[in-house]
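Q: What follows is a single structure, and I will ask about it in a moment.
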Amino acid sequence: MRAFVAIPLPGSFADWLRPYMTAFASKVPGLRPVPVASCHITLRFLGELPDEQLGDARRRLSLSLAAMPGTSVLLDGFGVFRRDGQPSVLWTWPGVVPRALAALSATVDRSLSGLGSNGRAERFAPHVTLGRFATGTREDQVAAIEAWPAKPCAVPVMDVVLYESVMGQGHPMYIARGAVRLAPFAE
């Protein structure tokens with residue numbers, strides 16, 4: 001199965017996102033939004049995870065994360081990933097990455113070392129994919145989005161979920177295959 005570990009987003013995320021996506025869609029025809037139910041903050045992409053490693057992945061996450069305190073992150077900016085110089089993905093991100101979030105990502109990386117097919121060591125760059133741009137989207141259409149002021153959206157980080165990604169028509173479906181509740185916030 002194709003798997004990744006992520007932070008689920010609260011229900012309030014949809015309310016925060018709605019006016020921005022309405023505005024962005026009016027500026028950029030052909031912007032294909034990601035369903036809000038599919039939005040998340042990826043901590044680690046595992047790639048292909050054999051079914052026989054699923055239990056081990058859940059056990060490792062549970063052991064390594066059970067004592068880690070929850071935290072929060074503020075999503076407060078918009079950006080555009082480019083592929084071959086062309087706008088391809090719209091995303092939101094935190095302007096400041098809390099140390100606790102970086103530590104959480106590093107712990108997930110260490111605990112899942114050797115599992116899955118993704119052997120790359122990417123630098124953790126927390127973000128939420130919001131949509132994909134149609135081929136031919138122009139730079140001048142997306143420039144305003146990158147500069148768009150965002151009212152911060154507070155995301156409590158209380159759970160870490162191991163998801164299976166199932167390709168379907170249009171967007172993939174994400175199925176929770178395990179979850180770990182983090183310790184209460186350290187005040």
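Q: Decide, for segment 1-70, between rounded, prolate and oblate: order the square roots of the alpha carbon gyration tensor eigenvalues as a ≥ b ≥ c, take rounded if a/c falls under 1.5, and otherwise choose prolate if a/b is larger than b/c, else oblate.
A: Oblate is the answer for segment 1-70, as a/c is 1.5 or above yet b/c matches or exceeds a/b.
Q: For a quick check, take a GNM of the chain with Cα springs below 10 Å and name the residue from R83, R32, R60 with the largest mean-square fluctuation.
A: Sorting by GNM fluctuation, first place goes to R83.
Q: Using the beta-carbon distance between D84 and T107 and R0 = 41 Å, what value does 1/(1 + (r/R0)^6) give for FRET efficiency, to the nearest 0.05?
A: 0.75
Q: For segment 49-187, build the charge dipole from Cβ charges (+1 Lys, Arg; -1 Asp, Glu) around the Cα centre, then report which of L61, G168, V73 sits farthest towards its positive end.
A: Of the listed residues, the answer is L61.
Q: Additional query: From zero outward in steps of 10 Å, how is the percent of C-alpha pairs of the chain spread across the bins?
A: Whole-percent P(r) values from 0 Å outward: 9, 35, 36, 18, 3.
Q: Next up: Given a cut-off of 14 Å, what percent of all Cα-Cα pairs of segment 132-187 lie beyond it?
A: 75 percent
Q: Could you identify which residue out of E122, E164, E48 has the top mean-square fluctuation in a GNM of the chain using Cα springs shorter than 10 Å?
A: In this elastic network of the chain, the residue with the biggest mean-square fluctuation among E122, E164, E48 is E122.
Q: If the only charges are +1 at each Lys and Arg Cβ and -1 at each Asp and Glu Cβ, what is the size of the charge dipole of segment 56-187 around the Cα centre, to the nearest 20 debye?
A: 340 debye
Q: Additional query: Where does the charge balance sit around V36 when Lys and Arg score +1, Asp and Glu -1, over other residues with C-beta under 15 Å from its C-beta?
A: For residues surrounding V36, the net value is +2.
Q: I need the shape label for segment 98-161. Rule: rounded when a/c is under 1.5, else prolate if a/b > b/c, else oblate, with a, b, c from the alpha carbon gyration tensor.
A: The shape class here is oblate.
Every number in this text was worked out from the coordinates using simple rules, so none of it is lab data. Predicted model, so just to flag it, every value in this text is computed and none were measured. Glycine gets a Cβ as well: all are built from the backbone with ideal geometry, and neighbour counts include every protein chain shown.
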